[in-house]
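The structure appears right after this line, and notes come after that.
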Amino acid sequence: MLNAQELLTSLDVGLIFGVVAIGIYLTFRTINFADLTCDGSFVFGAAVTAVLVKQGFNPYFALVVSSAAGVVAGFLTGILHVKFKISDLLSGIIVAFMLYSINLRIMGDSPNITFIDEATTFSNAFSNRNTTLTIATLIAPIALSLIYLLFSGFGLRLRAVGYNKQLASINGTNVKLTTIVGLMISNAIISLGGGMFSQYQGFCDISQGTGTLVAGLASVVIGEKILPFRREPLIILSCVVGSVLYRIFINMALHSDILGVKTQDVNLITGITIIAIMVIKRRKQNA
């Protein structure tokens, strides 16, 4: 079983990756775009934030810039897909592949940056044991803004593109532009999550983004199962809940003496979890 500190850590990390899950949900569910940029854009945001904080910039300003970096990543993916007719999967892979080199450049050709002694958004929170509240305060406006967006006219167009591109086009929606904007918003959110995570840990590593997509999808799937909201804009709340539950489950598995799970087994556990949930969901739908 997890002790109180381990449970709080799972909650903190789960909330941060809940932001990432929201971004992944926006592409994979809302606009039905299999975007694999996220592994690169997550580190993109983390690297930008780390460098800025290391240089003494305001940590909140660093988060804003990291989000802007994600906008650029999403824009590149969208342009490759819309203008150059490259498939959604390949567009994301290419951009994530290029971001690896860009991230190394940003980090000064160093695979990691440590800034434990610099001021971050969590500096006072750690000393006051209010880290969870600080994270919740940061993600609340993100979730509420996205809910508002999805309820707006533009949000309806985003969802229309995801449901049926041809029908959306017939009804006057600019499918290409809407897709690009959707990718920009999604990767901005994911990069923001990367920036928050690097500040939370006090360092940035070039391999930090490995498994971001799978962890985000696991959070989305778990959240949809636990909180099956009917109205799509409210489903993003389930993404955050799913992310927290996912982190708690992973930590419980790692701290279980019976299962004998080691740190290197995290990816295996995640994959099995996703498969199990999807199989159960599919069987219930067919029942």
Looking across the stretch 53-75 at residues that are touching a Phe, Trp or Tyr at 6+ places or on another chain (Cβ under 7 Å) and of a type in the set (A, V, I, L, M), the single one that is surrounded by the fewest Cβ atoms within 10 Å (Cβ to Cβ) is 53
Any residue in the stretch 1-19 that is farther than 30 Å from residue 117 by Cβ and modelled with pLDDT under 95?
-> yes
Quick check on residue 57: is it within 26 Å of residue 106 (Cα to Cα), part of a loop (DSSP other than H, G, I, E, B) and among the hydrophobic types (A, V, I, L, M, F, W, C)? yes
The condition from (1) buried (at least 24 other Cβ atoms within 10 Å of the Cβ); (2) aromatic (Phe, Trp, Tyr); (3) modelled with pLDDT under 95 that residue 44 misses is numbered (3)
Residue pairs within 9 Å by beta carbon, gap of at least six or interchain, first lying in the stretch 202-222 and aliphatic (A, V, I, L, M), second part of a loop (DSSP other than H, G, I, E, B) and surrounded by fewer than 18 Cβ atoms within 10 Å (Cβ to Cβ), listed first then second, are 206/110; 206/111
Of (1) modelled with pLDDT of 95 or more; (2) crowded, with 24+ Cβ neighbours inside 10 Å; (3) part of a helix (DSSP H, G or I); (4) not hydroxyl-bearing (Ser, Thr, Tyr), residue 39 satisfies every one except (1)
Taking the stretch 82-99 and keeping residues buried (at least 16 other Cβ atoms within 10 Å of the Cβ), under 21 Å from the mean Cα position of the chain (by Cα) and not charged (D, E, K, R) leaves 91, 92, 93, 94, 95, 96, 99
Counting only helices (runs of 4 or more DSSP H) entirely within the stretch 131-212, those with at least 1 residues that are among the charged types (D, E, K, R) are 153-163, 165-170, 175-201
Restricted to the stretch 228-266 and to residues being outside any helix (DSSP H, G or I) and of a type in the set (A, V, I, L, M, F, W, C), the residue modelled with the lowest pLDDT is 258
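The values are calculated or read from the model by the stated rules, or taken from the named source; none is laboratory data. All of these numbers come straight from a predicted model, not from anything done at the bench. In this analysis, Cβ positions are derived from the backbone assuming ideal geometry, glycine residues included, and neighbour counts consider all displayed protein chains.
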